[in-house]
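The values are calculated or read from the model by the stated rules, or taken from the named source; none is laboratory data. What you see is a predicted model, and the numbers here were worked out from it, not measured in a lab. Here the Cβ is made from the backbone with ideal geometry for all residues, glycine too, and neighbour counts use every protein chain on show.
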Amino acid sequence: MVDNSLGDADFYDPSDYVGIGKRLVILVVDSVTLALVGVAVWSPFLALMLLGIVQSDPSGLFWICYLISIWLYLGPVKRSNFGTIGYRLMGVRLVSAKGGPPSLLTMTARMLMWMFGPFNLVLDLLWLGADSENQSLRDCYLGTYLIHKNAKALGRAPVHLTRYNAMGFALAYPRVCRPKIVA
């Protein structure tokens, strides 16, 4: 008896998954974009302070506005058909293993996992080099794939829990079990 309790998910050609090089370019481009967004958000506060309209320190309000801007960029914009500037430049998109764009909850969790762990940039980059589908650990746990813009799913296959013991971690996460191709 085969356990299909985790359902089915899409799988793609191995060449459709985005590798480490493009991911690094996306990271740099989107980081620069978010820094420029921070400058744009700070500019009105600075102008109001220079004009003497605001007498107190507006940094608390600035951080609230800036964090909302970051969430908007890394959540709704990243999952949209438009994507982030880095995604547009590299010709990639983020998809859910179940098909279509990931939910806003998934995107928020993905962003928070990047910021607060349990995984970090170095661990994600090491994992990318060993993963057959070029998924970061965040993507493995959240069921998302970074693929080329025009990639089409080859089909659907059952999802099973995959277990790894590596680098002192005992990891288990859902993974699509591709059908074996018989020649």
Could you say whether any residue in the range 21-28 is within 19 Å of M111 (Cβ to Cβ), of a type in the set (V, I, T), part of a helix (DSSP H, G or I) and free of Cβ contacts under 8 Å to residues at least 40 places away in the same chain?
no
So which pairs qualify, if the first residue must be in the range 146-172 and of a type in the set (A, V, I, L, M), the second must be exposed (fewer than 14 other Cβ atoms within 10 Å of the Cβ) and modelled with pLDDT of 85 or more, the Cβ gap must be under 8 Å, and the two must be at least 6 apart or on different chains?
A151/D13; L154/D13
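Going through R88, R178 one at a time, which residue ends up being surrounded by fewer than 17 Cβ atoms within 10 Å (Cβ to Cβ), of a type in the set (K, R) and at pLDDT 95 or above?
Working: R178 fails: at pLDDT 95 or above.
The unique qualifying residue is R88.
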If I filter the range 63-79 for residues that are part of a loop (DSSP other than H, G, I, E, B) and free of Cβ contacts under 8 Å to residues at least 60 places away in the same chain, do I get at least one hit?
no
Candidate set: the range 154-169, residues that are at pLDDT below 85 and part of a loop (DSSP other than H, G, I, E, B); chosen: the one surrounded by the fewest Cβ atoms within 10 Å (Cβ to Cβ):
G168
Check the range 118-127 and report whether any residue there is over 12 Å from the mean Cα position of the chain (by Cα), on the phi > 0 side of the Ramachandran plot and not in a strand (DSSP E or B).
no
Quick one: would you say A151 is among the small types (G, A, S) and either at pLDDT 80 or above or under 12 Å from the mean Cα position of the chain (by Cα) (or both)?
yes
Unmet requirement for C140, which otherwise passes all of (1) hydrophobic (A, V, I, L, M, F, W, C); (2) crowded, with 19+ Cβ neighbours inside 10 Å; (3) closer than 19 Å to I20 by Cα; (4) touching a Gly at 6+ places or on another chain (Cβ under 8 Å):
(4)
Which of the residues spanning the range 124-137 are touching a residue at least 40 places away in the same chain (Cβ under 8 Å) and surrounded by fewer than 21 Cβ atoms within 10 Å (Cβ to Cβ)?
L125, L126, G129, S132, E133
